[in-house]
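Asks: I have a structure I would like to understand better, so I am pasting it below and will then ask my questions one at a time.
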Amino acid sequence: MPGLENLGTGGPIIVLLGLLSLLSLTVIVVKVIRLAPVRAGGPARDAAFVQWSGGDKKSAQQAVAAGKSPADRVCAYAMQALIDGFKGPALMAELTRRGNQEFAVMNSWIRVLELIAMISPLLGLLGTVTGMIQSFQELELAQGAANASVLAGGIWQALLTTAAGLLVAIPAAIGASLLSGRAEAGAQSIENAVGNLMVLEERGAH
């Protein structure tokens with residue numbers, strides 16, 4: 001593997017791609033940890049809904065409030081609001097706001113991964129093009145007398161930036177897709193939890 005000083009115009013791009021790779025892997029690890037609990041607590045919420053429908057609303061709210069998932073937080077707020085007599089369109093608007101806020105937090109930094117996945121191959125291609133230009137300029141300056149092995153070496157070093165760009169882009173694209181799906185699943189859990197609670201409350205009111 002040649003040193004960066006031997007990569008010509010591709011050296012700075014390799015460094016930039018290395019930094020993007022480090023950022024990408026850091027974001028993936030952090031988001032995996034933070035999104036791990038977004039679908040947790042389903043059985044506990046179901047048990048709390050049984051308590052709620054049985055009339056033990058305070059215990060149900062306390063059980064849900066002890067959860068760690070976004071659905072638990074939104075559902076716990078909804079239960080407390082209903083206990084306090086806050087109902088109707090105003091409550092639904094507030095729950096929608098809180099749900100959107102939770103989703104924004106779950107979805108944060110995923111756009112960065114998508115951006116890295118998009119620009120890394122372009123940076124790699126830029127390094128290849130500039131490296132090829134440099135190689136053929138050297139051939140022109142040598143008036144066709146350049147050693148073929150030297151020219152080939154320059155070309156493969158230029159192509160190395162494209163490979164580096166793809167190596168950075170592929171994990172970022174996979175990570176963005178999987179993490180986005182996880183965030184959407186968390187949002188669905190919020191919607192399901194609130195929907196179930198509102199159905200139970202409506203039935204209890206009649």
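The numbers here are math on the coordinates, done by the rules we state, and not lab data. Quick caveat: nothing in here was measured; it's all calculated off a predicted structure. Positions of Cβ are backbone-derived with ideal geometry, glycine not excepted, and every protein chain shown enters the neighbour counts.
Asks: At a threshold of 8 angstrom on Cα-Cα distance, excluding pairs fewer than six apart, so keeping six or more, what relative contact order does the range 9-96 reach in percent?
Replies: 20
Asks: Tell me the volume per residue, in Å³, of the convex hull enclosing the alpha carbons of the range 22-173.
Replies: Roughly 110 Å³ of hull volume per residue.
Asks: Here is a follow-up. At 0.36 nm per residue, and after removing the present C-alpha to C-alpha distance, how many nm does the segment from Leu125 to Val30 gain when stretched out fully?
Replies: Result for the pair: 31.3 nm of gain on full extension.
Asks: Same structure, new question: Averaged across orientations, what area in nm² does the convex hull of the alpha carbons in the range 57-144 project?
Replies: So the Cα hull casts an average projection of 8.6 nm².
Asks: Using 0.36 nm per residue, how much length does the chain from Ala47 to Ser59 gain when fully extended, once their Cα-Cα distance is taken away?
Replies: Length gained between Ala47 and Ser59: 3.3 nm.
Asks: By counting other Cβ atoms within 10 Å of each Cβ, how are Asp84, Asp56, Asp46 ranked from fewest to most?
Replies: If I rank by nearby Cβ atoms, fewest first, I get Asp84, Asp46, Asp56.
Asks: Right, here's the next one. Could you compute the net charge surrounding Gly67? Neighbours are other residues with a C-beta less than 14 Å from the C-beta of Gly67; K and R count +1, D and E count -1.
Replies: Taking every Cβ under 14 Å from that of Gly67, the sum is +1.
Asks: Also: Taking the Cβ of Leu113 as the centre, find all other residues whose Cβ is under 13 Å away and add up their charges (Lys, Arg: +1; Asp, Glu: -1).
Replies: Result for the local shell: +2.
Asks: Measuring from label point to label point, each 7 Å out along Cα→Cβ, what is the Val199 to Arg111 span in nm?
Replies: 3.4
Asks: On to the next question. Give me the distance in nm between label points sitting 7 Å out from Cα along the Cα-to-Cβ direction at Gln137 and Ser177, one decimal.
Replies: Inter-label distance under the simple model: 3.9 nm.
Asks: Counting pairs of alpha carbon atoms under 8 Å apart in space and at least six apart in sequence, what relative contact order in percent does the chain give?
Replies: 34
Asks: With +1 on each Lys and Arg Cβ and -1 on each Asp and Glu Cβ, and nothing else charged, work out how big the dipole of the chain is about its Cα centre, in Debye to the nearest 20.
Replies: 700
Asks: If you don't mind, there's one more thing I want to ask. Using Cβ counts within 10 Å as a stand-in for footprinting exposure, how do Thr128, Thr26 rank, fewest first?
Replies: Thr26, Thr128
Asks: Set Lys and Arg Cβ to +1 and Asp and Glu Cβ to -1, take the dipole of the chain about its Cα centre, and tell me which of Gly181, Gly54, Val129 lies farthest positive.
Replies: About the Cα centre, the residue reaching furthest to the positive side is Gly54.
Asks: Moving on. So for Leu82, Leu35, Leu19, Leu25, fewest C-beta neighbours within 10 Å to most, what's the order?
Replies: Taking fewest neighbouring Cβ atoms as first place, the list is Leu19, Leu25, Leu82, Leu35.
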